[in-house]
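The values are calculated or read from the model by the stated rules, or taken from the named source; none is laboratory data. It should be emphasised that the depicted structure is a prediction, and the values quoted were computed from it without experimental measurement. Here the Cβ is made from the backbone with ideal geometry for all residues, glycine too, and neighbour counts use every protein chain on show.
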């Protein structure tokens, strides 16, 4: 059974999500990039890893709200060998 989480509507608000460990804005490239680091036990399906990295806040939040599932679910649905 998939756990429902409250929709995150701001980048700073992502820190209040129980799946999120940390957030970061990277200014080192020609444009900003946004990172969301997921807590152990969660994975972003689209990225196939424990982080979300995009060039827009909107895309990061969309992925957090729609593409993050538990590692156990990811193993069942996509990759039984995922670490």
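When you look at residue 40, is it in a loop (DSSP other than H, G, I, E, B), modelled with pLDDT of 95 or more and exposed (fewer than 11 other Cβ atoms within 10 Å of the Cβ), yes or no? Answer is yes for this residue.
Residues in segment 9-22 that are touching a helix residue (DSSP H, G or I) at 6+ places or on another chain (Cβ under 8 Å) and farther than 25 Å from residue 75 by Cα were compared, and the one that is surrounded by the most Cβ atoms within 10 Å (Cβ to Cβ) is 11.
If you go through segment 6-35 and keep only what is closer than 15 Å to residue 61 by Cβ, without any contact (Cβ under 8 Å) to a residue 40 or more places away in the chain and part of a loop (DSSP other than H, G, I, E, B), you end up with 6, 32.
Taking the criterion of being farther than 18 Å from residue 3 by Cβ, in contact with a helix residue (DSSP H, G or I) (Cβ under 6 Å, 6 or more places away or on another chain) and assigned to a loop (DSSP other than H, G, I, E, B), would at least one residue in segment 54-68 satisfy it? Within segment 54-68, none of the residues are farther than 18 Å from residue 3 by Cβ, in contact with a helix residue (DSSP H, G or I) (Cβ under 6 Å, 6 or more places away or on another chain) and assigned to a loop (DSSP other than H, G, I, E, B). Which one of 27, 5 is surrounded by fewer than 11 Cβ atoms within 10 Å (Cβ to Cβ) and in contact with a strand residue (DSSP E or B) (Cβ under 9 Å, 6 or more places away or on another chain)? It is 27.
Here residue 58 does not fit the description of being touching a strand residue (DSSP E or B) at 6+ places or on another chain (Cβ under 6 Å) and surrounded by fewer than 16 Cβ atoms within 10 Å (Cβ to Cβ).
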